[in-house]
1. Give all pairs with beta carbons closer than 9 Å in which a residue from segment 7-19 that is exposed (fewer than 13 other Cβ atoms within 10 Å of the Cβ) meets a residue that is in a loop (DSSP other than H, G, I, E, B); count only pairs at least 6 apart in sequence or on separate chains.
2. Select, from SER85, SER27, the only residue that is in a helix (DSSP H, G or I) and closer than 25 Å to MET1 by Cβ.
3. Quick check: anything in segment 66-87 surrounded by 14 or more Cβ atoms within 10 Å (Cβ to Cβ), hydrophobic (A, V, I, L, M, F, W, C) and over 20 Å from GLU40 (Cα atoms)?
4. Of the numbered conditions (1) farther than 18 Å from TYR121 by Cβ; (2) in a strand (DSSP E or B); (3) not aromatic (Phe, Trp, Tyr), LEU80 fails exactly one; give the number of that condition.
5. Within segment 30-62, how many residues turn out to be out of contact with any helix residue (DSSP H, G or I) (no Cβ under 9 Å at 6 or more places or on another chain), surrounded by 11 or more Cβ atoms within 10 Å (Cβ to Cβ) and assigned to a strand (DSSP E or B)?
6. In segment 13-66, which residues are among the hydroxyl-bearing types (Ser, Thr, Tyr) and farther than 22 Å from ILE122 by Cα?
Amino acid sequence: MRPLIIEEQDDTLSVILDKGNNQFEFSGRSLPEDVTSFYEPIYNWLEEYMVSPNPKTEVKMKIDYFNSASHKAINQLLELLAKLSKKGNVVVVKWHYMKDDEDMLETGKDYADLTGLNFEYIGYI
């Protein structure tokens, strides 16, 4: 399976989805003009990955900021991972947030509650 690599732009995330190296990472800001066209390749890649996933999928989420449309898109992404978890695969989301950003910490907790995924919270300066 070919990796999906999307370079970070001013308004879009850096995305690394690499099954072979067991690297799954989202970082930066998510404010794309067209949320659907940005996130659709990510959903498609995850759907393909779910056919033959790694035994453990550890996802690093280090998102500084996102708009409301991206909030829904990220939830949809996490729901795909939740489907994988419900099939018996180990899925861990490492939710990175700035230590003084209580809103982003709470958002991670909300996503965990909504999806039932195992989240680890990592504060950074």
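1. Close Cβ pairs (under 9 Å, with a partner that is in a loop (DSSP other than H, G, I, E, B)) amount to ASP10/LEU31.
2. One residue alone meets the criteria, SER85.
3. Within segment 66-87, none of the residues are surrounded by 14 or more Cβ atoms within 10 Å (Cβ to Cβ), hydrophobic (A, V, I, L, M, F, W, C) and over 20 Å from GLU40 (Cα atoms).
4. Just one mismatch for LEU80, condition (2).
5. The number of residues fulfilling the criteria is 3.
6. Once the filter is applied, which keeps residues that are among the hydroxyl-bearing types (Ser, Thr, Tyr) and farther than 22 Å from ILE122 by Cα, segment 13-66 yields THR36, SER37, TYR39, TYR43, TYR49, SER52.
Where a number appears in this text, it was derived from the coordinates with a stated rule and is not lab data. In this text the structure is predicted, and so the values were computed from the model without any measurement. Glycine also receives a Cβ, built like all others from the backbone with ideal geometry; neighbour counts cover every protein chain displayed.
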